[in-house]
Every structure is written in C-alpha cells, then in structure tokens.
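Engineer: Okay, handing you the structure first.
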Amino acid sequence: VESGAMDMDVAGIQGGFVAEARRHGAEFVYDAPMKSATRTSEGTWRVETEAGEAYEGKIVANAAGAWAEVVARRAGLSSPVTIAPKRRTIFTFNDAQFDDDSCLDWPFLLDARVAVHSTEGAFYFKPQGRGTFIASPGDGTPTEPCDVYPD
C-alpha cells in the first residue's frame with residue numbers, strides 16, 4: 001500500500017486478482033458469449049456458450065461488466081442491483097509547461113459544485129504523466145451493453 005497514493009492502477013489491480021484466481025484453479029474464457037447457465041443435479045454450474053462449448057464448475061463469477069444483467073438473465077437469475085451501461089466522453093490533452101513531472105502530485109480535480117449533488121455532469125481532469133492529462137465532462141449517455149469505440 002502506498003500511503004501517499006492519489007490514484008489506482010486499475011490494470012494492476014485486475015491483473016493481481018486474475019493471477020490469484022488462476023493460482024487457485026480458476027479458468028478464464030474470453031470471446032465466448034454465454035448462451036445459458038444452469039445448475040446441475042450435482043449442484044455445479046453448467047455454462048454453455050453460443051459456440052456450443054460447455055464448462056462446469058462449483059463457482060461461476062459474473063464479471064461481465066456492462067453485460068452483467070444480460071448474463072444474470074441468461075442464467076435465470078435476477079440482479080440485486082441495476083447495472084446501467086453508459087457511454088462516457090473522455091479525452092486527453094498535453095501541456096508542455098508541465099513536461100517536468102511537476103503536475104504528477106496534483107490530485108484528481110472534480111467540479112465540486114456539481115459533485116455535491118450528483119457525479120453526473122461533473123467535469124473532472126487529472127494528470128496522467130509528464131504534461132499529459134485526461135479529462136471528461138462527466139456525461140453518461142444510457143446505452144445498450146457494447147464495446148465502445150471513439151466516434
């Protein structure tokens with residue numbers, strides 16, 4: 001744990017969870033849309049893909065992100081929370097005057113006037129590296145679950 005950290009390394013955190021799960025025997029299947037998931041008479045889960053492949057296991061994790069409710073319905077389950085996929089805008093920009101790492105200690109900056117009431121529509125930006133920043137108007141357009149690409 002870094003006591004002075006101001007950000008999370010999301011890819012590093014996910015990679016750590018994946019490595020630990022694999023160490024305990026987890027199998028990850030990618031690019032295989034789930035067709036259905038049912039409980040067997042032995043109490044295990046049988047998951048079938050749209051390609052006709054089948055997998056069985058005692059535990060199945062729904063790590064489908066924006067597709068979590070779709071996956072839950074295909075397993076005959078209801079989701080305890082509503083997953084609302086949203087398309088968001090984010091952009092990067094560079095400022096040469098901060099090319100010397102002087103901005104790396106800056107915190108995540110959020111428009112507090114808006115954020116007090118809701119995170120929707122709250123503009124934010126933060127440094128990403130030498131003179132590079134990411135920013136967003138804080139929008140969130142409801143969408144169907146999908147792989148989003150830049151317009």
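Engineer: Which of (1) modelled with pLDDT of 85 or more; (2) open to solvent by 100 Å² or more (accessible area, probe 1.4 Å); (3) of a type in the set (A, V, I, L, M, F, W, C) does Val116 not meet, given it meets every other one?
Structural biologist: Exception for Val116: condition (1).
Engineer: Here is a check on your reading of the model: is Phe98 aromatic (Phe, Trp, Tyr), at pLDDT 85 or above and either in contact with a Pro (Cβ under 9 Å, 6 or more places away or on another chain) or open to solvent by 100 Å² or more (accessible area, probe 1.4 Å) (or both)?
Structural biologist: Judged against the criteria, Phe98 is not a match.
Engineer: Where in region 1-95 are the strands (runs of 3 or more DSSP E), entirely inside, with at least 3 residues that are open to solvent by less than 50 Å² (accessible area, probe 1.4 Å) and free of Cβ contacts under 8 Å to residues at least 40 places away in the same chain?
Structural biologist: 45-49
Engineer: So if I check each of Arg87, Arg23, which one is more than 27 Å from Gly131 (Cα to Cα) and of a type in the set (Lys, Arg)?
Structural biologist: Result of the check over Arg87, Arg23: Arg23.
Engineer: Mind listing whichever residues of region 130-142 are open to solvent by less than 50 Å² (accessible area, probe 1.4 Å) and at negative phi?
Structural biologist: Thr132, Phe133, Ile134, Ala135, Ser136, Asp139, Gly140
The values are calculated or read from the model by the stated rules, or taken from the named source; none is laboratory data. Fair warning: this is a prediction, and the values are worked out from it, not measured in the lab. We place every Cβ from the backbone using ideal geometry, glycine too, and count neighbours over all the protein chains shown. Just so you know, the surface numbers come from the protein's heavy atoms only, side chains and all, with ligands and any DNA or RNA stripped out. Shrake-Rupley method; radii C 1.70, N 1.55, O 1.52, S 1.80 Å.
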